Amino acid sequence: MDKKQLAGVEAANYVKDGMKVGLGTGSTVYYTITELGRRVAAGLNIVGIPTSAATEALAKELQIPLTTFQECPRLDLTIDGADAVTPDFQLIKGGGGALLREKLVAAASDKLLIVVDDGKLYDSFAGLSIPIEVVPFAWETTARRIANSGGKWTLRERDGGPFVTDNHNYILDTVFEPVANPGRLQDVLKAMTGVVETGLFIDMADVVIVGRGDGVQTLSRTDTNF
Ligand code: 5RP
């Protein structure tokens, strides 16, 4: 198995009968969702809330029962990937552009379990790309505010035009150097008019499962009872 598959499949062991589960987005959690589909077909009883249109389509294909926040305001557990993880469990997400729904689902979950390969482990966020979801109207003025705060930005593109998220917004990929305090950066960015959400997931992850060449490593925050 490759590293992403190792981490993704291991995460499925945390999903117990009767759980309400947030289903993340990306090529690592793909393996978790596929494994959950296999277990549901074998009798596991769960309901999921997907974090993107792509994950919704995958879950439906695998016949994983889905629910809504109207029916189910709290989730037991969300499993998702990440683009970067620091030793103190801070995350950058949004490489796939699903950061807003990913954060909404994670924030409604009792626990957040992250699956990554060992190439996603970093000492700090300095120099790493931080995606920011912005309102398309006047996005240039939002980009200017970000630049005035020290961020270099590029508008994410796809097929010759701006990349459009599931929520009909744009993504600015930004680099701040250094990032001494990711929580403070999150607060500054979130307060900017035009910013919908950032890919900084601060103090949200409880457990990180890392796929390595020789197996999986499970990192748990000391203050979590997961
Ligand atoms: C999507 C995400 C993904 O979870 C993140 O980009 C990791 O993806 P992958 O597992 O494919 O490397 O945040 O918005």
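Yes or no: residue 163 aromatic (Phe, Trp, Tyr), modelled with pLDDT of 95 or more and buried (at least 21 other Cβ atoms within 10 Å of the Cβ)? For residue 163, the condition - aromatic (Phe, Trp, Tyr), modelled with pLDDT of 95 or more and buried (at least 21 other Cβ atoms within 10 Å of the Cβ) - is not met. Scoring residue 93 on the criteria (1) among the charged types (D, E, K, R); (2) touching a helix residue (DSSP H, G or I) at 6+ places or on another chain (Cβ under 8 Å); (3) under 17 Å from residue 21 (Cα atoms) leaves a single failure, condition (3). The condition of being assigned to a helix (DSSP H, G or I), surrounded by fewer than 17 Cβ atoms within 10 Å (Cβ to Cβ) and either more than 16 Å from the ligand (Cβ to nearest atom) or at negative phi (or both) holds for only one of 54, 126, that being 54.
Take the residues in segment 104-126 that are touching a strand residue (DSSP E or B) at 6+ places or on another chain (Cβ under 6 Å) and of a type outside the set (A, V, I, L, M, F, W, C); name whichever of them is nearest to residue 207 (Cα to Cα). Looking at residues that are touching a strand residue (DSSP E or B) at 6+ places or on another chain (Cβ under 6 Å) and of a type outside the set (A, V, I, L, M, F, W, C), I get 111. Checked against the criterion of being among the β-branched types (Val, Ile, Thr), at negative phi and within 16 Å of the ligand (Cβ to nearest atom), the candidates 135, 164 yield just one match: 164.
Which of the residues that make up segment 108-123 are more than 14 Å from the ligand (Cβ to nearest atom), under 21 Å from residue 219 (Cβ atoms) and surrounded by fewer than 17 Cβ atoms within 10 Å (Cβ to Cβ)? Those that are more than 14 Å from the ligand (Cβ to nearest atom), under 21 Å from residue 219 (Cβ atoms) and surrounded by fewer than 17 Cβ atoms within 10 Å (Cβ to Cβ): 110, 123. All of (1) modelled with pLDDT of 95 or more; (2) in contact with a Pro (Cβ under 6 Å, 6 or more places away or on another chain) hold for residue 205 with one exception: (2).
Condition (residue is within 12 Å of the ligand (Cβ to nearest atom) and either assigned to a strand (DSSP E or B) or surrounded by fewer than 16 Cβ atoms within 10 Å (Cβ to Cβ) (or both)) applied to segment 2-21: is it met by at least one residue?
yes
Checking the conditions here, which among 29, 40 is assigned by the TED database to the domain that holds residue 82 and within 15 Å of the ligand (Cβ to nearest atom)? The conditions single out 29. Residue 208 meets all of the listed conditions (1) surrounded by 15 or more Cβ atoms within 10 Å (Cβ to Cβ); (2) outside the structural domain of residue 24 (by the TED database) but one, namely (2). Within segment 57-78, the set of residues being buried (at least 20 other Cβ atoms within 10 Å of the Cβ) and more than 13 Å from the ligand (Cβ to nearest atom) comprises 59, 64, 75, 77.
Scanning segment 79-96 for residues that are touching a Lys or Arg at 6+ places or on another chain (Cβ under 7 Å) and either polar (S, T, N, Q) or assigned to a loop (DSSP other than H, G, I, E, B) (or both), which turns out surrounded by the most Cβ atoms within 10 Å (Cβ to Cβ)? Among those residues, the one meeting the criterion is 82.
Let's see how each residue does on (1) of a type in the set (S, T, N, Q); (2) touching a helix residue (DSSP H, G or I) at 6+ places or on another chain (Cβ under 7 Å):
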{"residue": "148", "(1), (2)": "yes, no"}
{"residue": "157", "(1), (2)": "no, no"}
{"residue": "188", "(1), (2)": "no, no"}
{"residue": "196", "(1), (2)": "no, yes"}
{"residue": "202", "(1), (2)": "no, yes"}
{"residue": "217", "(1), (2)": "yes, no"}
{"residue": "223", "(1), (2)": "no, no"}
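Going by what's in this entry, would residue 17 be described as outside the structural domain of residue 175 (by the TED database), acidic (Asp, Glu) and closer than 17 Å to residue 200 by Cα?
It is false that residue 17 is outside the structural domain of residue 175 (by the TED database), acidic (Asp, Glu) and closer than 17 Å to residue 200 by Cα.
The values are calculated or read from the model by the stated rules, or taken from the named source; none is laboratory data. Computed from a predicted model, the values in this text were never measured in an experiment. Methodologically, a virtual Cβ is constructed for each residue, glycine included, from the backbone with ideal geometry; neighbour enumeration extends over all protein chains shown.
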